[in-house]
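Everything on this sheet refers to the single structure shown next.
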């Protein structure tokens, strides 16, 4: 029975083709709790069988991720602020979480660190779908939002596509194997992300010290 379900999943994704991959990944990248692990690995498996093109699978997954992220971004820009203000006026826990001061602090933080936050969050399960919301609330520059979303989502799409392709070359596929390899990939990515964040913090602090010691035009450094 399990083998039949796996074959059905692979056949369904292959039958839907690239538009189906775009649609399902857009759903995964927006509000809908739709796991990308049931989309790209089967598509990668089908590519290993010659039924799809591996590069178009990756490109379709990335395009869908961007569409879903942009939907969340647009939602936050258009409706997010009024909705959070309305919740904040209710008082209680909502009044603390969504007070004017809290929202302003969140927006200031995201304006200063939106790029690194967007990139890193796209690689973390459970929050990759929702990082677009604070980006929209802070009105992060669209071109930078797309760039850093594409970088993070592109890495994850490549990992999942490769997992499916690798399993296809071994002529074996199961959700258990997909989740196992996905967890292993995440364990490899986490140290790299920690290093990236550490370098970013060092770079920002170094830049801040340089600004503090750079004399103004015609002036003398303190």
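The values are calculated or read from the model by the stated rules, or taken from the named source; none is laboratory data. Source: prediction; values computed, not measured. Heads up, the Cβs are rebuilt from the backbone with ideal geometry, glycines too, and the neighbour counts pull from every protein chain shown.
Can you say whether residue 40 is at pLDDT 90 or above, surrounded by fewer than 23 Cβ atoms within 10 Å (Cβ to Cβ) and within 18 Å of residue 126 (Cα to Cα), as far as the supplied structure shows? No; evaluated as a whole, the condition is false for this residue.
Considering only the range 45-68, I want to know if a residue exists there that is surrounded by 13 or more Cβ atoms within 10 Å (Cβ to Cβ), more than 17 Å from residue 162 (Cα to Cα) and modelled with pLDDT under 90. Scanning the range 45-68, I find no residue that is surrounded by 13 or more Cβ atoms within 10 Å (Cβ to Cβ), more than 17 Å from residue 162 (Cα to Cα) and modelled with pLDDT under 90, so the answer is no. Reported count of residues in the range 132-153, each being without any contact (Cβ under 8 Å) to a residue 24 or more places away in the chain and either surrounded by 15 or more Cβ atoms within 10 Å (Cβ to Cβ) or assigned to a loop (DSSP other than H, G, I, E, B) (or both), is 1.
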